[in-house]
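Below is one structure, written out as structure tokens; comments come after it.
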């Protein structure tokens with residue numbers, strides 16, 4: 001059986017694993033994200049122990065360049081993370097290990113993993129949104145990840161913001177009150193003066209959060225028409241958010257889309273991830289499998 005390496009390159013931690021899928025992880029390591037040289041070097045040392053490694057997939061924070069035809073394919077590009085801007089990643093791994101390498105955003109990879117093994121298994125399309133320190137999204141359509149000019153930046157769509165009801169200006173350094181600026185974890189903390197996980201389930205923060213996330217989801221639904229929406233990330237560990245978001249999506253849609261998924265099936269349409277916090281590194285393995293098959 002082909003062994004595949006997966007890397008989840010996060011802003012605060014790296015996770016590296018070798019296996020073939022969620023039921024077959026041979027070994028895994030985790031360590032804090034440091035400089036590119038140290039972080040990538042530790043991953044290479046880990047993978048170098050395995051004979052028969054056939055491919056590696058990298059699920060990384062961005063922005064990054066996922067276009068294999070681009071001169072900067074495999075680079076982390078304009079990230080604000082100190083020391084990582086314009087860093088070559090995929091090419092270093094490919095040259096050192098001499099195997100095919102898949103490379104994409106962590107959220108795109110998580111969407112692919114949930115499509116292959118998780119909450120969207122058996123469907124043709126899905127959307128994965130992570131809500132945490134930031135907000136990012138990835139989408140699979142007919143079994144393929146969406147790309148275009150670069151990769152999706154779903155957290156930065158503009159949504160209605162009633163400054164009278166919510167005078168908080170937003171946390172995004174680029175757009176202020178985009179979806180990420182209004183609904184990410186740091187925005188919740190700045191608006192209410194305490195971390196999201198410390199807020200009671202009946203705190204007014206959650207209805208406002210559900211409203212903002214539902215505004216984003218309705219935009220994605222009418223644009224992409226995904227067969228399932230998967231919401232992960234630290235903020236979404238507050239499970240009481242799911243019924244609030246589902247109800248608000250239905251209210252905002254106002255029966256416009258006459259699909260059973262949007263009506264009596266809403267509980268199975270907007271769901272938490274099946275793979276949980278393993279979605280990132282499993283997404284790396286899924287990217288590696290794609291790279292091996294493409295070769």
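The values are calculated or read from the model by the stated rules, or taken from the named source; none is laboratory data. All values derive from a computational prediction rather than experimental measurement. Neighbour counts are summed over all protein chains in view; Cβ atoms, including those assigned to glycine, are modelled from backbone coordinates with ideal geometry.
Taking the criterion of being touching a helix residue (DSSP H, G or I) at 6+ places or on another chain (Cβ under 9 Å) and either without any contact (Cβ under 8 Å) to a residue 12 or more places away in the chain or over 20 Å from residue 179 (Cα atoms) (or both), the residues of region 125-143 that qualify are 125, 140, 141, 143. Selection of strands (runs of 3 or more DSSP E) fully inside region 1-46 by the criterion of at least 3 residues being modelled with pLDDT of 95 or more, crowded, with 22+ Cβ neighbours inside 10 Å and assigned by TED's automatic domain parsing to the domain that holds residue 63 returns 3-9, 13-21. Restricting region 278-289 to residues that are at pLDDT 95 or above and out of contact with any helix residue (DSSP H, G or I) (no Cβ under 7 Å at 6 or more places or on another chain) leaves a set whose member that is farthest from residue 105 (Cα to Cα) is 289. Would region 68-88 turn up any residue that is surrounded by fewer than 19 Cβ atoms within 10 Å (Cβ to Cβ) and outside any loop (DSSP other than H, G, I, E, B)? Looking for residues that are surrounded by fewer than 19 Cβ atoms within 10 Å (Cβ to Cβ) and outside any loop (DSSP other than H, G, I, E, B), one finds at least one in region 68-88, hence yes. Note on region 48-60: residues that are more than 20 Å from the chain's Cα centre (by Cα) and buried (at least 21 other Cβ atoms within 10 Å of the Cβ) amount to 1. Looking only at residues of region 252-277 that are in a helix (DSSP H, G or I) and in contact with a helix residue (DSSP H, G or I) (Cβ under 8 Å, 6 or more places away or on another chain), we find that the one that is nearest to residue 119 (Cα to Cα) is 268. Just to be sure, is residue 148 in contact with a helix residue (DSSP H, G or I) (Cβ under 9 Å, 6 or more places away or on another chain) and either surrounded by fewer than 22 Cβ atoms within 10 Å (Cβ to Cβ) or on the phi > 0 side of the Ramachandran plot (or both)? No: the conditions fail for residue 148.
Total residues in region 89-106 satisfying the condition of being touching a strand residue (DSSP E or B) at 6+ places or on another chain (Cβ under 8 Å), touching a residue at least 40 places away in the same chain (Cβ under 8 Å) and not in a loop (DSSP other than H, G, I, E, B): the figure is 8.
The set of residues from region 115-136 being assigned to a helix (DSSP H, G or I) and surrounded by fewer than 24 Cβ atoms within 10 Å (Cβ to Cβ) comprises 116, 117. Scanning region 221-235 for residues that are assigned to a helix (DSSP H, G or I), surrounded by fewer than 20 Cβ atoms within 10 Å (Cβ to Cβ) and in contact with a strand residue (DSSP E or B) (Cβ under 8 Å, 6 or more places away or on another chain) turns up just one, 224.
Take region 176-192 and flag every residue that is farther than 11 Å from residue 133 by Cα and out of contact with any strand residue (DSSP E or B) (no Cβ under 7 Å at 6 or more places or on another chain).
176, 177, 182, 190, 191, 192 - these are the residues of region 176-192 that are farther than 11 Å from residue 133 by Cα and out of contact with any strand residue (DSSP E or B) (no Cβ under 7 Å at 6 or more places or on another chain).
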